[in-house]
Amino acid sequence: MKRPIDQNIKDFCSEVGAAGPVAVEGGKTRWNLNGFPSENTRFIKAPKGILSAKPEEMTVTVLTGTPVSELHKELQTLGQRTCLPDRGGTVGGALAVGENDLSVLGKGRIRDSVLQLRYVSADGQIISSGAPVVKNVSGFNLHKLMVGSLGTLGLFAEVTLRTNPIPPISKWFTAASKHPQNVFDIVYKPAAILWDGETTWVQLEGHQRDVEQQVQKLLTIGNYEEVEGAPGLPRCRWSISPTEASKITREETGNFVASIGVGIVWADKPQSTKEVDPTVRRITNSLKSEFDPTGRLNPGRYV
């Protein structure tokens, strides 16, 4: 049965309206990403609140103006978590940016966790995509397209996310290592593998016995010791092929921390700008034209 639309979403839709440049303002943790909103843009806030949490079904439905920290605090009482990065922003902001958590190997990717999304279109209509169930094989995956769109295709109002249980044990280990790919090859489902060219950090999660078994595997390839947490990350974020993450050098990046098996690198130097393939640009422009013909959604930003 189709779930009724919350009144807060209807009010948000009315605030968006059907004309004039508009953008949603969240926690501003990635406010300068891919351009700045135009000067005449009207800024609004998305509604807040957790509508339902179903740990037995491993789903949560939340209004997108809710801070990620508040969502995680509530889910923690149920022994659950999401894969959203908790960096001070809102649920909608995390979806709009599409930047995965540091422990993406363990928590999963944001795009894969979105089961249903309700957003307000450029013509001021409430649109729903997906279904609030884990096993969903019907319809178009518009909700996955929306992840990472920076609010240029629709303004998010409500989302149903896949959750997963908080593991009993979560620990970080580190050792000097020139070959981080060895960890990826030998350890069963690490939550994260980070490498700075000389040192490797590994996050292991699960039950006590399982973690202990994986630690024994780590010790066969290095003198790994438990540490408090992940290393500090440089300010510039690179996106590269996962197969290239273990081959990167400081001559290219300055100091860096690479996420092995993921393809994300944090570096001192910004990544050089690559020319966008003309076909990709045509597809991007075509999508923007279809979803937002007048260019009123988050003007000034380009995905």
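Structure data summary
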read-out	value
Filter pass, residue 153 being in contact with a strand residue (DSSP E or B) (Cβ under 9 Å, 6 or more places away or on another chain), of a type in the set (A, V, I, L, M, F, W, C), modelled with pLDDT of 95 or more and outside any strand (DSSP E or B)	yes
Residue 115 being part of a strand (DSSP E or B), among the aliphatic types (A, V, I, L, M) and in contact (Cβ under 8 Å) with a residue 24 or more places away in the chain	yes
Any hit, the stretch 118-132, residues being outside any loop (DSSP other than H, G, I, E, B) and touching a Cys at 6+ places or on another chain (Cβ under 7 Å)	yes
Any hit, the stretch 177-189, residues being small (Gly, Ala, Ser) and either in the same structural domain as residue 13 (by TED's automatic domain parsing) or not in a loop (DSSP other than H, G, I, E, B) (or both)	no
Residue tally, condition assigned to a loop (DSSP other than H, G, I, E, B) and hydroxyl-bearing (Ser, Thr, Tyr), over the stretch 18-69	5
Unique match (being farther than 28 Å from residue 246 by Cα and in contact with a helix residue (DSSP H, G or I) (Cβ under 7 Å, 6 or more places away or on another chain)) among 197, 151	151
Criterion violated by residue 182 - all others in (1) out of contact with any helix residue (DSSP H, G or I) (no Cβ under 9 Å at 6 or more places or on another chain); (2) modelled with pLDDT of 95 or more; (3) not basic (Lys, Arg) satisfied	(2)
Candidates 289, 272, filtered to the one that is of a type in the set (Gly, Ala, Ser) and assigned to a loop (DSSP other than H, G, I, E, B)	272
Residues that are basic (Lys, Arg) and surrounded by 14 or more Cβ atoms within 10 Å (Cβ to Cβ), drawn from the stretch 257-277	269
Residues being assigned to a loop (DSSP other than H, G, I, E, B), over 16 Å from residue 191 (Cα atoms) and within 24 Å of the chain's Cα centre (by Cα) - total across the stretch 217-254	7
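The values are calculated or read from the model by the stated rules, or taken from the named source; none is laboratory data. Since the structure is predicted, the reported quantities are computational estimates derived from the model, not experimental observations. Note: ideal-geometry Cβ built from the backbone for every residue, glycine included; neighbour counts use all protein chains shown.
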